[in-house]
Amino acid sequence: MLFAAFLFASVSIGFAKPQKKSAGSGQETPSALLLAAMKNMSTGVWSVNGTVTLEKTIKLHGLLSGEDYDLTMEPRGMRGIVIKDKAWICSDRETWHAGSTEDRLPYDWTHTPIMAGRVVDLPFEKVGSEQRNGQTWLHIRLKVAERKMDPKALPQYWVVIDSQGQAQYIGHVEMPLISQAANSVLYCSFDYAPSKEKIAPPPLGAPVDDKVHGFNEIEQHKFDWKGKIVRLEVTPKILESKQIGESTYRAFLKDTAAPNHYGIVEFPYDALVKLGFLKKIVSGAHSWEELEKMGALGRTEGAPVSFYVQVIPIGEKPAARAVAVGAKLVREADGSVTYTW
């Protein structure tokens, strides 16, 4: 979990008194302008671009819309999309698979600084104003009694205001965030702007047909099925599990085609557990015998397991990559399709 942190080193410092609206001035206080800008950003679609720094600097860019998001982390290029109760993730800049709506770390980093309600009782002061691209940006920061504070430790906002002095949105923010999970302080710097783009699901497309296919068919048709989705059916016993990335695993499986063929499928995070191949997530590479000794082996008998994979050709001789995108196909009212686990 993340929350805005106002860090004052090891000294005891009190906040300055809250500011009040000047009688008859017609001007809102910096705190009121900031809160108004945050409320404006609780609706609509907003682009975000900036960095989060701890030991290393992570670049983030994409779109925010309420609780939905489409965000990419650099330099790895990992991209996540969440729309209501559906989620997708791309970790190789090429293939998509169903994700979890609970994976919200990039969203928390980018959304926490503009979350309305965190500044209601905190005083902010005006630092100055400037013109950017024909707009007036009001620079404000948290007001504290100690004037020798490191500016990096204080939340600072640049609020875009109109000709009437009304807040429109937050154009830029620099502030520390505390990660309770990592027990560490992060420093963020983000630019925001209204966007005409919409957050949309990745273009996975419908399966090539309603049939169940095997590994040999995928190899034979890999160039015809490039980038497309097919339904694969395998026996319930996993023969080997191998972690190939931070949240990606390869499974060695046997299909149910006649005759049987063996193949490798790439799965995201806990998909192998959700499908019953494993009882728990395990790192490293392990045969089914090792998985059994570890108490991680799932079902070994029973009904076949089917799921959808995206076919990615990788050459003439090697078999194509089969990347699992989900186990259930959902056809939306607008004709589009999504995949879930």
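The values are calculated or read from the model by the stated rules, or taken from the named source; none is laboratory data. Worth saying up front: this structure is predicted, and the values here are computed from it rather than measured. So basically every Cβ, Gly included, is an ideal-geometry build from the backbone, and we count neighbours across all protein chains shown. All accessible areas refer to the heavy atoms of the entire protein, side chains included, with ligands and DNA or RNA removed. Shrake-Rupley method; radii C 1.70, N 1.55, O 1.52, S 1.80 Å.
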Kindly list, by first and then second residue, each pair from a residue in the range 143-156 that is basic (Lys, Arg) and surrounded by 10 or more Cβ atoms within 10 Å (Cβ to Cβ) to a residue that is at pLDDT below 75 and assigned to a loop (DSSP other than H, G, I, E, B), limited to pairs with Cβ atoms under 6 Å and residues at least 6 apart or on different chains.
-> Lys143/Ala16
Criterion violated by Ala324 - all others in (1) surrounded by 15 or more Cβ atoms within 10 Å (Cβ to Cβ); (2) part of a loop (DSSP other than H, G, I, E, B) satisfied | (2)
Of those in the range 53-105 that are of a type in the set (Asp, Glu) and open to solvent by less than 50 Å² (accessible area, probe 1.4 Å), the residue nearest to Ile314 (Cα to Cα) is Glu74
Does Lys317 satisfy the criteria of being surrounded by fewer than 18 Cβ atoms within 10 Å (Cβ to Cβ) and at pLDDT 95 or above?
-> no
Of these, Leu64, Leu71, Leu54, which one is at pLDDT below 95 and touching a strand residue (DSSP E or B) at 6+ places or on another chain (Cβ under 6 Å)?
-> Leu54
Wholly within the range 205-303, which strands (runs of 3 or more DSSP E) include no fewer than the required count, namely at least 2 residues that are crowded, with 17+ Cβ neighbours inside 10 Å and aliphatic (A, V, I, L, M)?
-> 229-234, 248-254
Is it the case that Pro194 is without any contact (Cβ under 8 Å) to a residue 60 or more places away in the chain and surrounded by fewer than 19 Cβ atoms within 10 Å (Cβ to Cβ)?
-> no
Pairs under 7 Å by beta carbon, first residue among the polar types (S, T, N, Q) in the range 245-264, partner open to solvent by 50 Å² or more (accessible area, probe 1.4 Å) and assigned to a strand (DSSP E or B), six or more apart or different chains?
-> Asn260/Lys254
Looking at (1) under 11 Å from the mean Cα position of the chain (by Cα); (2) farther than 24 Å from Val185 by Cβ, can you tell me which one Met73 breaks?
-> (2)
